Amino acid sequence: MYRQGDVLILPVPEDEVPAAVKESPPAPRDGRSRIVLALGEATGHAHAIVAPGELFRGRSPMEPDHLHLPSGGRLVHEEHAPITLPSGWYRVIRQREYVPGAVRPVAD
Amino acid sequence: MMVEDWRAVAFATGAAERERAEAGVRAAYEAAGLRGPQRVVWAPSPAAGAIAAVLLGGDGQDVQALRDAGLGDAVAEVASLVADVDAGRSVRDEVRTRPWEAVRAAAHAELGPQEWARVWARTTGSSWDAVNGLVTRIRQGIGEMAGAQGEERGAQAERLLRGATLDAVLGQHDAPWLWLFEELGRLGELAGPAEVARAAGWWWPYENAVIICERPSELHRDEPGRLHRGDGPALAFPDGFALHAWRGMPIPPGFIDTLGTLTAADIRAEDNAELRRVMLEYYGYDRYLNEIGAKPVHRDETGVLWRIDLPDDEPVVMVEVVNSTPEPDGTYRTYHLRVPPHTRTAREGVAWTFGLTEDEYRPQKET
């Protein structure tokens, strides 16, 4: 389990990744060919990975995304120290905040 | 083929592309086998559009009801726009409802329920809440122009205006569905309404005339897509029709102006729990904690848990978290996240912010 700011990355065994996730189209890479896990709306800073692999977005902001890194990768962000991730499948969870009657993701 | 960003269409602001919108309207009429509208009336907001729809489709009593509800000035302004317009009957059914339903039914039949649900989730479903929420708020705001009077006459005017908003074709706010139809290669059958959506706001088609609305001049949303702004209207149209909101919650227009000069005493004195929450967020939990001398409830290696008890409201419970990566000046930035009121420990709170239990939350590396 790895945490970079408001993003938590949990290793998951491949057989626990729903089939529907693997069949869905992966999220496109950004203009710099990075896998962007989360983009800070206010700052434009991003939690991003440059490595072979694919990100599968959840259907809503509150649903976790899935990340596949067949040969590992390095997670970088403008304001946080980088984290080296071993190869495998991950669940990517955005931090959220409690709001009476609702829940909202955190923007950093 | 270039895929349209239908989310961007739904939330587009700025002046309508009038020629493009009018061409779209003509295409929609043509596809329905109708002669295009002779008159095009541009309304500066959906509120003005709804009033115009009441003026064109209602009788003298309806117009009087709007005036009695205190909307005399707005009615006079819109009346000048539609002064010599003989609109004829509404052709919404032919122009929008029937062709739309035909495309939807054909697509559904072709895909079958399972695949339909899948495509729907990927397109319409992924943008529906945000767009539909916005449409609902606009309808409410239009109804409240009259309903705020709080009398029987106000209720009658509110009913008329709300009714008019339900008769509108939604223009840019039809985007979630247009996205789905494009995904299925069936957008061509709705080329007219799709073109209006790309270029303008709501519209009301009649036999001889069409009312088309401008897009918002201002639209501000928070990350989950809710209307949100702390220093002005979150949604505004060129004629001044506007909605104020904080993280989706409607707030009175004047309330915004008080936020800049808040004190901790003002926050404590506010009776309305929802407004008090807005005040607390705007003021900053950390500043408030500091000023009222709040004490931490629990502390562990993940952070500090704070609690503020509020009269007649659930307590505000927060975790104070320290960023693991130092700032350029060597300090560590702290921030406060609100967590459910039953939270007992800092670890439980931080774990909750990631949807995990206290035991599950064990990061091996944090930056």
In nm, the gap between the two label points placed 7 Å beyond Cα toward Cβ at residue B:322 and residue B:239 is 5.7 nm
Of B:108, A:77, ordered by accessible area with the largest first and a 1.4 Å probe, the sequence is B:108, A:77
In chain B the accessible area split gives carbon plus sulfur, as whole percent at 1.4 Å, a share of 47 percent
On complex formation of A with B, accessible surface lost, both sides summed, probe 1.4 Å, nearest 100 Å², amounts to 3000 Å²
With Cα springs under 10 Å, the Gaussian network model of chain B assigns the largest mean-square fluctuation among B:185, B:163, B:49 to B:185
When chain B is treated as a Gaussian network with springs between alpha carbons less than 10 Å apart, the largest mean-square fluctuation among B:269, B:130, B:28 is found at B:269
From DSSP H assignment alone, runs of 4+ in chain B each adding -39500 (n - 2.57), the sum over residues rounded to the nearest 500 puts [θ] at 222 nm at -14000 deg cm²/dmol
Ranked by GNM mean-square fluctuation in chain B (Cα springs under 10 Å), the top entry among B:172, B:38, B:61 is B:61
SASA check, residue B:144, accessible area w/ 1.4 Å probe, all protein chains in place, rounded to nearest 10 Å², comes out at 110 Å²
On the formula 1/(1 + (r/R0)^6), with r taken between the Cβ atoms of residue B:8 and residue B:274 and R0 of 30 Å, the FRET efficiency rounded to 0.05 is 0.45
Length-normalised contact order of chain B, Cα under 8 Å, at least 6 apart, in percent, tallies to 18 percent
Ordering B:344, B:307, A:74, B:229 by the accessible surface of their heavy atoms, 1.4 Å probe, largest first, yields B:344, A:74, B:307, B:229
Given backbone amide H placed at 1.01 Å from N, residues whose amide H is under 5 Å from that of residue A:27, ignoring those fewer than 5 places away on the same chain, are A:55, A:56, A:57
Residue B:216 neighbourhood, Cβ < 14 Å, K/R = +1, D/E = -1, net charge +1
Per the Cα gyration tensor, the protein assembly as shown corresponds to an equivalent ellipsoid with semi-axes, largest first in Å, of 45, 31, 17
Quick tally, 1.4 Å probe accessible area for B:295, A:22, sorted with the most first, runs B:295, A:22
What the Cα atoms of the stretch A:2-105 span along the principal axes, largest first and in whole Å, is 40, 31, 24
When the charge dipole of the stretch A:2-105 is computed with +1 on Lys and Arg Cβ and -1 on Asp and Glu Cβ about the Cα centre, the Cα farthest towards its positive end, among A:84, A:99, A:47, belongs to A:47
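The values are calculated or read from the model by the stated rules, or taken from the named source; none is laboratory data. In this text the structure is predicted, and so the values were computed from the model without any measurement. Here the Cβ is made from the backbone with ideal geometry for all residues, glycine too, and neighbour counts use every protein chain on show. Protein only, heavy atoms only, side chains kept; ligands, DNA and RNA dropped before computing areas. Shrake-Rupley method; radii C 1.70, N 1.55, O 1.52, S 1.80 Å.
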